Structure formats: structure tokens, C-alpha cells
Amino acid sequence: MATLLEAKGVSKKFGGLTAVDTLDYSVEANAINSIIGPNGAGKTTFFNIVTGYYKPTTGTVQFDGHDIAGLAPHRLTRYGIGRTFQTIRLFGHLSALENVLIGMHHWLRSPWWSDLLKLRSTLREEAEAIRHGEELLAYVGLKGFEDVESRNLPYGLQRRLEIARALATRPKLLLLDEPTAGMNPNETKDMTAFIRRLRDERGLTILLIEHDMHVVMTISDKVTVLDYGRKISEGKPSDVQQDTRVIEAYLGSRALKMIKN
Amino acid sequence: MSALISRWRSIPRWAQLVILAAVVIFVPPVINIVERQTGFGLLTQVNRALIYVSLALGLNIVVGFAGLLDLGYAAFFAIGAYTFGILTWPSLRLDFSFFIAIWVCVLVAALFGMLIGAPTLRLRGDYLAIVTLAFGEIIPPLVRNLDNITIRIGDLVLVESFNLTNGPLGMKPLGRPNFGIVESIAGLSPGQLDPGVNPTFWYFIIVILVLVVLSASRRFEDSRIGRAWRAIREDETAARFMGVNTVRVKLLAFAFGASFSGLAGAVFASMLGAIFPELFRFQVSVFLLIIVILSGAGSVWGVLIGGLLISTFDGVLLAQIMPSIFPNSDVQSLRWVFFGIGLIAVMLFRPQGLFGHLGQRQRASQPVKEAAHGDAA
Amino acid sequence: MDPQLEAFLRQVLVGLSIGCYLALIALGYTMVYGIVELINFAHGDLFTFGFFISLTIWGLFDVPTPLEGAWILALPAIAIVVILLSGGLNVVIERVAYRPLRGASKLAPLITAVGMSFMLEAIFAYIWGANQINYPRFIPTTNFLNDFSRIIRFTPRDILLFGVTIPAMIGLTLFIDRTRLGKAMRAAAQDREAAAMMGINVNRIIAITFFIGGGLAGVAGMVYGLYTGSGRFIMGFEFGLFAFTAAVLGGIGNIRGAVLGAFIIGMVQAMSDLYIGGEWSRVIIFSLLILMLVFRPSGILGSTTSVEKV
């Protein structure tokens, strides 16, 4: 399999804190990869480097033949990196359909003067975009909610709308930041199956941050464990599960969590 | 109110247009009658209100659509008006025709919009507000002091005592639209269609201005660029991750906001026939912001209706009717108390504005949590 | 003495005195921004309020002009009343117009602050008149430097001005650095949520911040009246913006930065009055504000604002 994303020696420092520490990481095309680790292990920071929000302090990131470290997020979207967020960040006062149309912004061609003159090419493109958007919404299970303002959607559908919006950007690589957070076991099961469908039906490569071990172990081709910004283990789910370092770092933190709760 | 709106929606589009056209055409004669009865100057106030509506629609692109707080919007109004002044003031001998000059004003204002926007649009929202405010505060003193420009490089005098803006005295007279071609075709005597200071003529010219600005706003609203503006208003960071080049999109919002203002400024200058630095103070920026916020930021129809109502409230009720009812009290000096309270109250209790719901498409605004619970793909 | 040097030295003193008022206003601006990240647009109007309300209080008594004998003690007494009133007004403003919007977008309270500012100015104009208002000349203007120069002036008014502002600045700095309350304020400025979780009553801290800021601006307005002998309902707008420029220049949220910025702005104004022409001062100071915000938004001494999380 070809490598779609490859990070080499990536570090990110905030003042004295090293959030990601000389990380080597690669994603094969058409795989589902997961990154796990205790809170503050640097998972989201790594996502933010891959999607262009942070410029890495050191290291290189290659995506699909491009050197992307430090490029702006909107440019990376054009290269084919789509994402969702740990806390949902939809455009609340825009309808579900409009949210998806924003995802298409960068590949729709209509320039402002054509919008102003309502040229036929623009009208045709808009109609096509709306049709495509409705298709995407139906695909993620939001048929009939096209005109609902996204802030009024129930939580589970908001998560799905975020995925539809990311799909609208036509990604090759889709980064999902805790897609099952806050879901009940049934919803989680649906979401897990849905993620697999995204890969199988749409040929996407998927990179997950996930806390739900069951989800991670069922769908991942490769699991990577981060702790204090470093990679402490990597491999097939079954291998990682038996890695003592992981059990130490991970179960330790989970036990801590249980006490907290 | 909502019954009225739904009835209005139910009539066919051609009938809507006929009704609107009839209203627009019959406003001047009706107002003339009222003016004769009451002695108030109403039509000039309507014209002013319509100019303010055009300006507010421009500001609505920046504040309402894109969510960028511009506290110095009057600067672009001033730039439009003064560009028109420079192009048509007889002493400078450029003598542009009105119909060409206004488009130059649009371009110059848009250029300034991008010039101030390019370095500042990366700033956080509140800093941007202050930068625009400072820019707005620089323009009037700048204009006031550009009446005696001398530029020297060493001993070489490039410009000496050049009077660009006529400083505090203001520029006067300024160019007016000339309908010579129409007159010769229609067989009228030259000058018969000269608008002069006749408010009815100006009314129709300004109605055209409003129509231009209104239809541009409407077309932008639901287009690719308009959606991108609304997306960055909702969540700029998320918009960036979805592939929107936010700096470019914000720059366009600034440019269009400025160009609307430049156009309105040019027409305003021509209508008054004279411009002074004091016409473009901070109060104008705040008054326009009040129109946009009170009417409903982001709602084109809301700003249209609200702009007309608020400007009329200010120019007719507060400035003319109230003083005639209470001749001994100084009601007008309280106008900013009213507007200040109005602004605070709307922000606290009705952030969507008084007329923000007008013209909104039929959207399910009720939460649908129950209906959709457990629904899966 | 060389007349050019003499004019320069005079402007140095003028710049220092402008810097004093600006510092008192900028301190409140910067403290409020440090904690609630709000550009309190109405802050400059508390300066105007201090000017007018002190004028009204003086008017209640039959005070000799200039002040003499025991009446000199009225100065600190009235100053305290002015501090209480303008600080209290600022607390009320925060409670009514800003606190309800704390969860809303960042621009919402800024918009109400603009509305508040215009409302206050209109009320001032309604109560005290829209014209230039004279302030009684309670403090004489005998020049201590008369034997040395007639151009450079240092008068009892300067003593009053420096006597009020410098202790106030030192006191505030000590208060914030040394006291428990000051520590709580710094904690709230750094991370409001974390501070709340540590048991700090953040609402109370914010109210205290507004009180101190308002009080400082109010007393600055009173001192301004005593110093210059006149003022107008609108003056808080310009002073407020200059003070904000000072706060940005020094690094917003930074107490020492605000004082430094205020004296720089005071000097810039005094020097541009002398060398470029008074009509350009506004243009220069506002250009400085724009350039600072664009190229160095964290100011000279660094600011204390937060970064968005994704």
C-alpha cells in the first residue's frame, strides 16, 4: 500500500511544554488508523499539525507527495485533508445544507462577479452543488433535515453533519477527533459501522482519535499510542493491547479516571 | 405582523413588483401634500433615509454577513464623497460627468477598503473594530488638513500649496447628473431635467441607488461568497479548516462594504452639492451601526425596513415633530440616549434585531430533538 | 536660554502631565481587558463623569477661589467621594450592560459598550450642557520656575497632578502584586474558569476591577478639571481612545505597560503639537494605534491575552 501521510521527527513546543515530541508517523492509503493515549498526550495537537493549525517546531510532514508542514488549513483542505472537531464546530445559524455547501466552497468555481450577475454557469453550479449536498446529507442519515439550522439538530446528527461537511471538501484523508464522544452504546455501534463504510464505499483513508477502546480495537488497521507527546507503542490492535507499556500508561490513566468519576 | 408577511408572500411575484413600484412612484406626491399641510421637510428626510439605508446595507455586508465589527465605516462614506468632490469640483478642473465619477468613487472606496483590510483582517475581532475606528477618526482631520499640500524632495518642489479638499471650508459646488442626452432625445429644453436641489428628482435617483445596493446584497447573500461570509461569522476557525481562505473572503467583504459606501457617498455629495469634513464623523459610523444592529444584522430586508424607520424616527420625529410639540424642551439632544438604550436593549434582549426575521426563508427553527431521536443511517 | 530648548522643555512637562491623566484612564482600561477581554468603550466617559460630578459637588458648598485654609482638606474628601461614585457607576454599567452578555460572542459586549458610551455622553450633555464648561480655578497657577524661565511652567497644579497620579499608580501596582485580592485578580485574568474552580468568586473580582478602574478614571477627570479649568461632555471619547492606545502600546492587560504607554502617548502628543502642528496630533496618535495593533499587538511589555483552542 502507498503511504498517504508521513510525519518525520515532528515536535511541537508551547513555551516549556513539549506537546508532541519527535514523532514519526505514517498512514497507508485506504487504512483506518487510530491514535489513542491519555488526556494531554498530544493527540489533538498532532491533528492540528496535520491540518495546518499549528506549524510544527521541528520535523516534516508529507501528504500525497506534498510537503505540508506549516501550510494554512484552507490550503491543506485543497490537498485533500478533511476533519471534524472534538467539540462540535458547526456553523450554528446556517442550515444543514448550507454547512455542507461551505465544505464545497474551495472547489466551487463561481467568482463573486458571477454571483452578482447570476450568470448561468453560477446557477448551474449552485444547483449541482445543492444536489450533491443533499446526496451527502442523505448518505450520513440527515435526509429531511436539509433546511434545519444546524444548532437545532440533536447531538448525534450534529456529529454526522460534521462528517458530511468534511466529506463535502472531497478529502482523501479524513481526520475524526473523537467521533463517538458523548454517544450511547447503540449510537457508538452505528458510528463505528459508518466509519468503516466511509472507508469501504468511498475509498477514504481515516485517522481517528478515540477514547472508546472497543471502537478502536474493532475497526483499526493500526493503533498508535501516545503518552506525553511520544509514541510508546504501535501496531495491530491485538499487539498493542498486549504491550505492557500501554497497559501501564493507559490503564493507569483510566483507573485514575474511574476514581475521579 | 407575521400574518401580513405571509399574506405578502402568497401573492405572485409580478403583483409584488407592481405594488412596490406603485408605492415608490407615489411617495413623492403624497409626501408633497403632507409637507404642504404640516410644514415639515419630509422628502429631503426620506432621501437622507434612503442614503442611510444604502450605507447600512453596505455595513451589513461587513457586520451582518461577515461578522466583522467596523466602527469606522463613515470613512468609506467620506472617501466616496471626497473622491466625487475631487472629480467634479470646478476649482480642480477635472470636471468628470456624474455617471462616470460615481463608479470611480466605487473603485476608490473599494481600494481603500482592501488597503485598510489587508493588514488588519488577521487581527482578532475586537482589535479590528478599534483599527477601523482609528481609521475612521483619521479621515476627517486628514481631509481638513489637505488644503495646503506641499511636497518637496530636497530642493525640488513637486507640489506647492496645492488645495485638494478645501479644508474646513468644504468643497462647493459639486457636479450634478446631467441628462442632456435624454433631454435631446425626448425633445426637452436643455436643463429641464437638471435635478438641482429638487428633492423629487433626487428621490428617484436615490431609489435607483437603493435598488442597486439592495439587489447586490440579495444576490450575495445566498451565493458562494455570501455563504462563506456567514460561515466565518459563525466560526472562523472551522471555516478555515473547511477550505475557506478567510483572509481573502473577509477582504472581499470589506471591499464590497466600502464600495457600497463609496457609491452612496458620491450620490450624497452630489445631492448636497457641498461636503465638509464634519459630515463624516464617528457619530455617522455609530448611527449606521445602530441601524444594522437594531434592524437585525445579516438580514437584508430587515436593514432596509429598519433603516427607513430609524432614519425617519431620527430625522422627522426627533428633529421636527417633537420640537414642534414640546418647543421648550431639548428633545433632540436626547437622541443618543434613545439610540444608546436601543442598542443595549437589543443586544441584551433581542440579538437577532427588531426586523431580523423579515425575509428569512421558511426554516424549521424549532428544535427537532424529539423527532429525530435515535434516527440512524 | 535658547528659546527652542525652552519650548522643548515646556512640552516635556506638558507631555508628562498628559501622560498622568492618560495613565489613570489606561490603568482601568487595561485591568478590565485583562480580566474580561472587553474593550470597555464607555471607560473614557467615567473620566468625564468625574469631571462633572466633582464640579457639582463643589457647587454644593461656598468654596473660596482659590482654595485656602481648611478648604484644602476638601480636595481629598471630594476626591474620595468622586472615586466612590464613578467606581460605583462603572460597577452598575458592568452589571447591567456587560455581564449578561459574557457568554455571547466577544463583539456583543463591545457593541453595548459603544451604546453605553453614547448614552452617557448624551446624558452628560443634557444635565451639564453641551458647551465647554468652566471649572473653578481653585488652585493657583503661580509658576515656581518664574526666575528661571517664563515659558517652562511648573505650578501648584502640577504638584497636585503628580501628587495624585504617581501615588495612585504605585499603590495600584503594589495592590495587585502584593495583596490577596490582587493575586486573585491576576489569577482571574490568566484563566477565568480555572480561577473559578479554585474557589475565586470571579464575579466579585470583576466588579472590584470595574470599581477600581472607574474610580481611577473619575479622579482623573476631577484632577483634569482642577488642572486645565475647563472640559466638555465629549472629551471622554478622545481621552478614552488615547488611553486605550496607551494600553495597547504598553501591552494590553499589563499594568506597568499601561503607565509606560500613557507617558509615551503624552510625549507624542506634546511633541507633535510643537513640531508638527496640533491639528495632526489625532492623526498621528491614531496611526500609531493602527500600526501597533497590526505589527505588535502584544505591545512593548507584552500582553496577557489568551489563545483559541481547537
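The values are calculated or read from the model by the stated rules, or taken from the named source; none is laboratory data. Worth saying up front: this structure is predicted, and the values here are computed from it rather than measured. Cβ coordinates were reconstructed from backbone atoms using ideal geometry, including for glycine residues, and neighbour counts include every protein chain displayed. To get the accessible areas, we keep the full protein, side chains included, count just its heavy atoms, and leave off ligands, DNA and RNA. Shrake-Rupley method; radii C 1.70, N 1.55, O 1.52, S 1.80 Å.
Once segment C:185-204 is narrowed to residues that are over 23 Å from the mean Cα position of the chain (by Cα) and surrounded by 15 or more Cβ atoms within 10 Å (Cβ to Cβ), the residue that is nearest to C:LEU27 (Cα to Cα) is C:ALA187. B:ASP147 passes every criterion in (1) open to solvent by 40 Å² or more (accessible area, probe 1.4 Å); (2) in a helix (DSSP H, G or I); (3) within 14 Å of another protein chain (Cβ to nearest Cβ) apart from (2). The set of residues in segment C:199-214 that are in contact (Cβ under 8 Å) with a residue 12 or more places away in the chain and either within 14 Å of chain B (Cβ to nearest Cβ) or under 19 Å from C:ARG186 (Cβ atoms) (or both) comprises C:ILE200, C:VAL202, C:ASN203, C:ILE205, C:ILE206, C:ALA207, C:ILE208, C:THR209, C:PHE210, C:PHE211, C:ILE212, C:GLY213. Residues in segment C:67-95 that are outside any helix (DSSP H, G or I) and open to solvent by 60 Å² or more (accessible area, probe 1.4 Å): C:GLU68 alone. The set of residues in segment A:198-221 that are among the charged types (D, E, K, R) and under 23 Å from A:ARG170 (Cβ atoms) comprises A:ARG199, A:ASP200, A:GLU201, A:ARG202, A:ASP221. Before we move on, is B:ILE151 of a type outside the set (Asp, Glu) and either touching a strand residue (DSSP E or B) at 6+ places or on another chain (Cβ under 9 Å) or within 18 Å of C:TRP280 (Cα to Cα) (or both)? Yes, satisfied.
Suppose we filter segment B:42-101 for residues that are open to solvent by 10 Å² or more (accessible area, probe 1.4 Å), not in a helix (DSSP H, G or I) and not aliphatic (A, V, I, L, M); how many remain? Number satisfying all stated conditions: 6. The single condition among (1) within 14 Å of chain B (Cβ to nearest Cβ); (2) surrounded by 13 or more Cβ atoms within 10 Å (Cβ to Cβ) that C:ASN143 does not satisfy is (1). Assuming A:GLN158 fulfils every condition listed in (1) open to solvent by less than 60 Å² (accessible area, probe 1.4 Å); (2) of a type in the set (S, T, N, Q); (3) over 28 Å from A:ARG75 (Cβ atoms) apart from one, which condition is it? Failed condition: (3). Just one residue in the set C:PHE148, C:PHE118, C:PHE138, C:PHE124 is more than 10 Å from chain B (Cβ to nearest Cβ) and closer than 30 Å to B:ILE291 by Cα; that residue is C:PHE124. Among residues of segment B:120-135 being more than 13 Å from C:LEU289 (Cβ to Cβ) and open to solvent by 10 Å² or more (accessible area, probe 1.4 Å), the one that is nearest to the other protein chains (Cβ to nearest Cβ) is B:GLY125. Hey, among the residues in segment C:280-310 that are of a type in the set (D, E, K, R) and farther than 17 Å from B:ALA129 by Cα, which one's modelled with the highest pLDDT? Checked segment C:280-310; the qualifying residue modelled with the highest pLDDT is C:ARG282.
For segment C:249-262, check the following and say yes or no: at least one residue is in contact with a helix residue (DSSP H, G or I) (Cβ under 7 Å, 6 or more places away or on another chain) and either acidic (Asp, Glu) or on the phi > 0 side of the Ramachandran plot (or both). Yes, because at least one residue in segment C:249-262 is in contact with a helix residue (DSSP H, G or I) (Cβ under 7 Å, 6 or more places away or on another chain) and either acidic (Asp, Glu) or on the phi > 0 side of the Ramachandran plot (or both).
Residues in segment A:120-141 that are over 19 Å from A:ARG165 (Cβ atoms) and within 11 Å of another protein chain (Cβ to nearest Cβ) were compared, and the one that is surrounded by the fewest Cβ atoms within 10 Å (Cβ to Cβ) is A:LEU123. With the structure loaded, tell me whether A:LYS236 is open to solvent by 80 Å² or more (accessible area, probe 1.4 Å), more than 26 Å from A:ILE102 (Cα to Cα) and touching a residue at least 12 places away in the same chain (Cβ under 8 Å) or whether it fails that test. Considered against the rule, which asks whether it is open to solvent by 80 Å² or more (accessible area, probe 1.4 Å), more than 26 Å from A:ILE102 (Cα to Cα) and touching a residue at least 12 places away in the same chain (Cβ under 8 Å), A:LYS236 comes out as yes. Out of C:SER272, C:SER230, C:SER287, C:SER298, one residue alone is hydroxyl-bearing (Ser, Thr, Tyr), without any contact (Cβ under 8 Å) to a residue 40 or more places away in the chain and open to solvent by 10 Å² or more (accessible area, probe 1.4 Å). It is C:SER287.
In segment B:236-248, which residue that is open to solvent by 20 Å² or more (accessible area, probe 1.4 Å) and either more than 26 Å from the chain's Cα centre (by Cα) or of a type in the set (Lys, Arg) (or both) is nearest to A:ARG151 (Cα to Cα)? So the residue we want is B:ARG240. Answer yes or no: is there a residue in segment B:215-222 that is within 30 Å of A:GLY80 (Cα to Cα), open to solvent by less than 10 Å² (accessible area, probe 1.4 Å) and out of contact with any strand residue (DSSP E or B) (no Cβ under 9 Å at 6 or more places or on another chain). Scanning segment B:215-222, I find at least one residue that is within 30 Å of A:GLY80 (Cα to Cα), open to solvent by less than 10 Å² (accessible area, probe 1.4 Å) and out of contact with any strand residue (DSSP E or B) (no Cβ under 9 Å at 6 or more places or on another chain), so the answer is yes.
Somewhere in segment C:252-260, is a residue of a type in the set (Val, Ile, Thr), outside any helix (DSSP H, G or I) and farther than 29 Å from C:TYR135 by Cα? There is at least one residue in segment C:252-260 that is of a type in the set (Val, Ile, Thr), outside any helix (DSSP H, G or I) and farther than 29 Å from C:TYR135 by Cα. Kindly indicate whether A:LYS13 is among the basic types (Lys, Arg), touching a residue at least 24 places away in the same chain (Cβ under 8 Å), farther than 23 Å from A:PRO237 by Cα and part of a strand (DSSP E or B). It is true that A:LYS13 is among the basic types (Lys, Arg), touching a residue at least 24 places away in the same chain (Cβ under 8 Å), farther than 23 Å from A:PRO237 by Cα and part of a strand (DSSP E or B). In the set B:GLY167, B:GLY154, only one residue is farther than 22 Å from B:GLN283 by Cα and of a type in the set (Gly, Ala, Ser); that residue is B:GLY154.
In this structure, is A:PRO73 more than 24 Å from A:GLY144 (Cβ to Cβ), more than 9 Å from every other protein chain (Cβ to nearest Cβ) and either open to solvent by less than 20 Å² (accessible area, probe 1.4 Å) or aromatic (Phe, Trp, Tyr) (or both)? Considered against the rule, which asks whether it is more than 24 Å from A:GLY144 (Cβ to Cβ), more than 9 Å from every other protein chain (Cβ to nearest Cβ) and either open to solvent by less than 20 Å² (accessible area, probe 1.4 Å) or aromatic (Phe, Trp, Tyr) (or both), A:PRO73 comes out as no. Could you list, in sequence order, the residues of segment A:108-119 that are within 8 Å of chain B (Cβ to nearest Cβ) and closer than 19 Å to A:HIS132 by Cβ? If the condition is that a residue be within 8 Å of chain B (Cβ to nearest Cβ) and closer than 19 Å to A:HIS132 by Cβ, then A:LEU108, A:SER110, A:ASP115 are the ones that fit. Checking each residue in segment B:228-240 for being in contact with a Phe, Trp or Tyr (Cβ under 9 Å, 6 or more places away or on another chain), part of a helix (DSSP H, G or I) and at the interface with another protein chain (Cβ under 7 Å from one of its Cβ atoms) picks out B:ARG230, B:ALA231, B:GLU234, B:THR237, B:ALA238, B:ALA239, B:ARG240. Of the candidates A:PHE91, A:PHE63, the single residue that is more than 12 Å from chain B (Cβ to nearest Cβ) and of a type in the set (A, V, I, L, M, F, W, C) is A:PHE63.
Looking at segment B:266-275, is at least one residue open to solvent by 20 Å² or more (accessible area, probe 1.4 Å) and either out of contact with any Gly (no Cβ under 8 Å at 6 or more places or on another chain) or over 17 Å from B:CYS105 (Cα atoms) (or both)? Yes; the residues of segment B:266-275 include at least one that is open to solvent by 20 Å² or more (accessible area, probe 1.4 Å) and either out of contact with any Gly (no Cβ under 8 Å at 6 or more places or on another chain) or over 17 Å from B:CYS105 (Cα atoms) (or both). Looking at this structure, is A:GLY82 in contact with a Pro (Cβ under 8 Å, 6 or more places away or on another chain) and open to solvent by 30 Å² or more (accessible area, probe 1.4 Å)? No, not satisfied.
Every condition in (1) within 18 Å of the chain's Cα centre (by Cα); (2) aromatic (Phe, Trp, Tyr); (3) modelled with pLDDT under 95 holds for A:TRP112 except the one numbered (1).
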